[in-house]
Amino acid sequence: MRQVDVAVIGGGIVGLATAWRLSERFPGESIAVFEKEKEVGFHQTGRNSGVLHTGIYYRPGSLKAQNCRSGKQAMETFCREQGIPFEICGKVIVATEERELPALEEIERRGKANQVACRRIDTQTLKELEPHARGIAALHVPEAGIIDFRQVAKKLAELLQSQGHSIVTERRVVRVTERSDGVELETRRDRWQARWAVNCGGLYCDRIARMAGLRPAVRIIPFRGEYYELKREAQQLCRNLIYPVPDPRFPFLGVHFTRMIHGGVECGPNAVLAWAREGYRKTQVNLRELAQTLAYPGFWRLSLRYWRTGLGEYVRSFSKRAFVRALRKLVPDVTRQGLRPGRAGVRAQAVTRDGALADDFLLDESERMIHVLNAPSPAATSALNIGRLIVDRLAEKRHL
Ligand SMILES: Cc1cc2nc3c(=O)[nH]c(=O)nc-3n(C[C@H](O)[C@H](O)[C@H](O)COP(=O)(O)OP(=O)(O)OC[C@H]3O[C@@H](n4cnc5c(N)ncnc54)[C@H](O)[C@@H]3O)c2cc1C
């Protein structure tokens, strides 16, 4: 059996950032990151909008608010030091109807409370910033940026390896046994003994927690987000980032326009139930995982409460016309011909048994483990801070 001081399950940006912070705090200790895929950053980390969020949306005092702005600053410093490209291009949040104005005001209030630079702009200034966007009021958030989070994950893995730590890819952890003196991990190929372990399993974090004997208060429900891309001739319709005013009950809904760091503009994502936790295509089904979702009371309570919203998302999934209609609210010149289907990502959304979406980042602990049970957007932006938070909790456990 191989020995290691700390094992991290999951080679996404949260797991790797945690390993990186561990290496800073406990320089003499050995760390192993277990990833089931051939490469790191393959799932949520490599399939997102690539936006460096500012922290404007989040309830002051929440973990998201506390970790987004400073996490973004830490991410920018890291990228500058490591030569990873990112760009602070700014974004506009655009209200297109009167009824969105109170929510826009609330975002501005939260932004100010979270010390995010933002200002209300008139339609003329909106036109100067984004000539093709239309709205009745808008907020300009100059600090928002774009980045490739998979590139960050790869760099973190490379740096950890160069320090002698292990990034064990193609190793799915299939069994976790926690004892009072450590944690035993079994993969399909080998067994490892760690003094401490951190679960950053993303779409499988709840399953890993259960494997380790925890009874988590939430279940991961996978929501696929589908994107379109603007064809080259339509790319002038968006200069940087154009966002709608989100429904406060569903902060992750609302299709937006995102210029990407490597070129091109994406539009989306929507949010529909994925029939497999890693179901990136509409036709991808994992019967066991689907049955588990359907057997979870929290899923039904959520669906019954918000069936109308869910239906709208499904319509946009199957009808390009409906998707374009949603996009045209923000940018009326978008046409069906100007769009081609793009990538898809799946969000790991934690849902409680009574059907509530866990809004904030969520950590849980057992004697020798820390479990990250909800790390939705902006967790990629905030990853270096979430990593620090986890290491602080681990240090407390160790009375250091
Ligand atoms: C559509 C979409 C858009 C988003 N847009 C943004 C954005 O613009 N900005 C932002 O900040 N955030 C955004 N997010 C959120 C962000 O992508 C996630 O918060 C972040 O990537 C979570 O990282 P993670 O490491 O927790 O998860 P993941 O990247 O999913 O990593 C978890 C890893 O664990 C591995 N794993 C699972 N089970 C096992 C096992 N048993 N053994 C070994 N390995 C295992 C998986 O293979 C995976 O690589 C978006 C997310 C989505 C889906």
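Values in this text are rule-based calculations from the coordinates and carry no lab data. Just so you know, these numbers come straight off a predicted model, no measurement behind them. Counting neighbours? That spans all protein chains shown, and the Cβs are built from the backbone with ideal geometry, glycine included.
Structural remarks
- Seen through its C-alpha gyration tensor, with square-root eigenvalues sorted a ≥ b ≥ c, the stretch 241-290 comes out oblate because a/c lies at 1.5 or above while a/b is not bigger than b/c.
- Within the stretch 50-72: backbone nitrogen closer than 20 Å to the MET260 label point (7 Å, Cα to C-beta): 50-53
- For the chain, the mean residue ellipticity at 222 nm estimated from helices alone is -10500 deg cm²/dmol, where every DSSP H run of n ≥ 4 contributes -39500 (n - 2.57) and the total is divided by all residues, rounded to the nearest 500.
- Of all beta bridges that DSSP places with both ends in the chain, some 70 percent have antiparallel geometry.
- Placing a label point 7 Å from the Cα of ARG80 along the Cα-to-Cβ direction, the residues of the stretch 136-163 whose backbone N falls under 16 Å of that point are 143-146.
- Kirkwood Rh, Cα atoms: Rg over Rh of the stretch 333-389: 1.18
- Separation of the alpha carbons by more than 22 angstrom is noted, of LYS72/LYS112; LYS91/LYS155; LYS72/LYS154; LYS36/LYS72; LYS64/LYS91; LYS64/LYS154, for LYS91/LYS155; LYS36/LYS72; LYS64/LYS154.
- For the chain, the longest principal axis of the Cα atoms and the long axis of helix 307-318 meet at an angle of about 80 degrees.
- Computed from Cα atoms, the angle from the helix 149-162 axis to the main principal axis of the chain rounds to 20 degrees.
- Rh by Kirkwood over Cα pairs, then Stokes-Einstein D for the stretch 157-252 at 1.002 mPa s and 20 °C, µm²/s: 120
- The three principal axes of the Cα atoms in the chain give end-to-end lengths of 64, 46, 37 Å, sorted in falling order.
- For GLU170 and THR352, the FRET efficiency from 1/(1 + (r/R0)^6), where r spans their Cβ atoms and R0 equals 30 Å, is about 0.35.
- Comparing ARG347, ARG69, ARG179 in a Gaussian network model of the chain (Cα springs below 10 Å), the most mobile by mean-square fluctuation is ARG179.
- Percent of alpha-carbon pairs separated by more than 24 Å within the stretch 193-312: 44
- Computed label-point distance, nm, for sites ILE136 and GLN235 using a 7 Å Cα→Cβ extension: 3.5
- Per-selection Kirkwood Rh - the stretch 105-160 (Cα, Å, 1 d.p.): 13.8
- Surface/4 estimate of mean projected area, convex hull on alpha-carbon atoms of the stretch 65-128, nm²: 5.5
- With Cα atoms, 0 to 90° folded angle of helix 379-397 axis to the chain main axis: 30
- Cα gyration tensor shape of the stretch 84-222, rounded if a/c is under 1.5, else prolate or oblate by comparing a/b with b/c: prolate
- Expected-Rg normalisation [2.2 N^0.38 Å, Cα atoms] applied to the stretch 26-92: 1.39
- Given charges at Cβ of Lys, Arg, Asp, Glu: the stretch 156-272 dipole, positive-most of GLY201, GLN161, VAL218: VAL218
- Of the three principal axes defined by the Cα atoms of the stretch 1-42, the extents in descending order read 29, 26, 11 Å.
- LEU304-LYS329 FRET efficiency (beta carbon distance; Förster radius 22 Å; 0.05 resolution): 0.20
- Backbone N atoms of the stretch 11-55 closer than 19 Å to the 7 Å Cα→Cβ label point of GLU87 belong to residues 48-54.
- Most mobile listed residue (ARG388, ARG224, ARG189) in the chain, GNM with C-alpha springs under 10 Å: ARG189
- Residue among CYS238, CYS200, CYS68 with the largest mean-square fluctuation in a Gaussian network model of the chain, springs linking Cα atoms under 10 Å: CYS238
- Shape of the stretch 269-313, Cα gyration tensor, a/c cut at 1.5: oblate
- Using every pair of separate Cα atoms, the Kirkwood estimate puts the hydrodynamic radius of the stretch 13-168 at 17.5 angstrom.
- Across all C-alpha atoms in the stretch 245-400, the radius of gyration and Dmax reach 18.5, 61 Å.
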